[in-house]
Amino acid sequence: MGVLDDTAALVTGASSGIGESVALALAAQGCAVVVAARRGDRLADLAGRMRGISKVSVVEADLTRESECRRAVEETVEAFGRLDILVNNAGVMLLGPINGAPTEEWRRMVEINLLGLLYCTHAALPHLLQAAESEPRRVADIVNISSVAGRIARLNNGVYAATKFGVVAFSESLRHEVTRRHVRVTVIEPGATATELPFQNRPEILEDMAKTFGGVETMQASDISGAIAYAVTQPRHVVLNEVLIRPTEQER
């Protein structure tokens, strides 16, 4: 028997990295999981690995679009009859100077890191509030993935940091709104983690990142998903509101 038996989760950005690892971690606790992202082939592969562990459903969706976020939530409820956990993981990290920046990169980050998270949360909230009033747990969870950049704005991460600061601010305001109704809001703030996230950057940015983090033993996606699984399996009266996770060797 798993801690999350008879519950259902929606994990966005589940086609790789932290999202993929979170889906596997929740499934291992008995949770039925909907995995959502744009890359349907990756999701199908993940679902194949999860089917021997727990129930799983795939939603191929562009989560920058409000209608697609609503569809992902609706298909979760249709598949499993409920929604207990939302993990807003989908995001991009496009770094570089503000002066002369390609503003389409800014738009991409705002649309997925911030608006996509807002849209998914808005669509999910009625179902999460309902789950929090019912068995088996009488509590529900929203987990929003921010970043160390959601606490510290550094050179060449201005707009990325702006989106992640926004995630933290939104999460704290939402917490005040729903915490008395037993919907827990958790912000996870990872430092340097070995995922595909950096590799969408321009070559010159990748060179700078290699100089900054070249000697650092980075975290793995499983290090982050372990923290998320820990957060959502706490007793009903306990919530981890904010979790900052860095590699031991990362100074900032």
When (1) touching a helix residue (DSSP H, G or I) at 6+ places or on another chain (Cβ under 8 Å); (2) of a type in the set (Lys, Arg); (3) outside any helix (DSSP H, G or I); (4) at pLDDT 95 or above are applied to ARG236, the one that fails is (1)
Tell me the residue from THR163, THR186 that is under 22 Å from ILE98 (Cα atoms), under 14 Å from the mean Cα position of the chain (by Cα) and of a type in the set (S, T, N, Q), please.
THR163
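So that you can scan it fast, the table gives a plain yes or no per residue for (1) under 12 Å from the mean Cα position of the chain (by Cα); (2) among the small types (Gly, Ala, Ser):
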site: TYR119; (1), (2): no, no
site: ALA124; (1), (2): no, yes
site: LEU129; (1), (2): no, no
site: SER134; (1), (2): no, yes
site: ARG137; (1), (2): no, no
site: ALA140; (1), (2): no, yes
site: ASN144; (1), (2): yes, no
site: VAL148; (1), (2): no, no
site: ILE152; (1), (2): no, no
Check on PHE170, crowded, with 17+ Cβ neighbours inside 10 Å, under 29 Å from ARG82 (Cα atoms), aromatic (Phe, Trp, Tyr) and at pLDDT 95 or above:
yes
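Might you let me know whether segment 134-142 holds any residue that is modelled with pLDDT under 90 and not in a helix (DSSP H, G or I)?
The initial filter retains those residues of segment 134-142 that are modelled with pLDDT under 90, namely none.
Looking through segment 134-142, none of the residues is modelled with pLDDT under 90 and not in a helix (DSSP H, G or I).
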Evaluate segment 82-93: report whether one residue or more is touching a residue at least 12 places away in the same chain (Cβ under 8 Å) and over 26 Å from LEU174 (Cα atoms).
no
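Under 13 Å from ALA162 (Cα atoms) and not small (Gly, Ala, Ser): does that describe LEU114?
Here the answer is yes, as LEU114 does meet what is asked.
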From the options THR186, THR212, residue that is among the hydroxyl-bearing types (Ser, Thr, Tyr) and not in a helix (DSSP H, G or I):
THR186
Reported set for segment 17-58 where residues are under 25 Å from ALA194 (Cβ atoms) and surrounded by fewer than 17 Cβ atoms within 10 Å (Cβ to Cβ) is ALA28, ARG38, ARG39, GLY40, ASP41, ALA44, ASP45, GLY48, ARG49
I'd like to check something: does segment 63-72 contain any residue that is crowded, with 23+ Cβ neighbours inside 10 Å, among the β-branched types (Val, Ile, Thr), under 16 Å from the mean Cα position of the chain (by Cα) and on the phi < 0 side of the Ramachandran plot?
no
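The values are calculated or read from the model by the stated rules, or taken from the named source; none is laboratory data. Given the structure is predicted, the values throughout are model-derived calculations rather than measurements. Backbone-built Cβ (ideal geometry, glycine too); neighbour counts: all protein chains shown.
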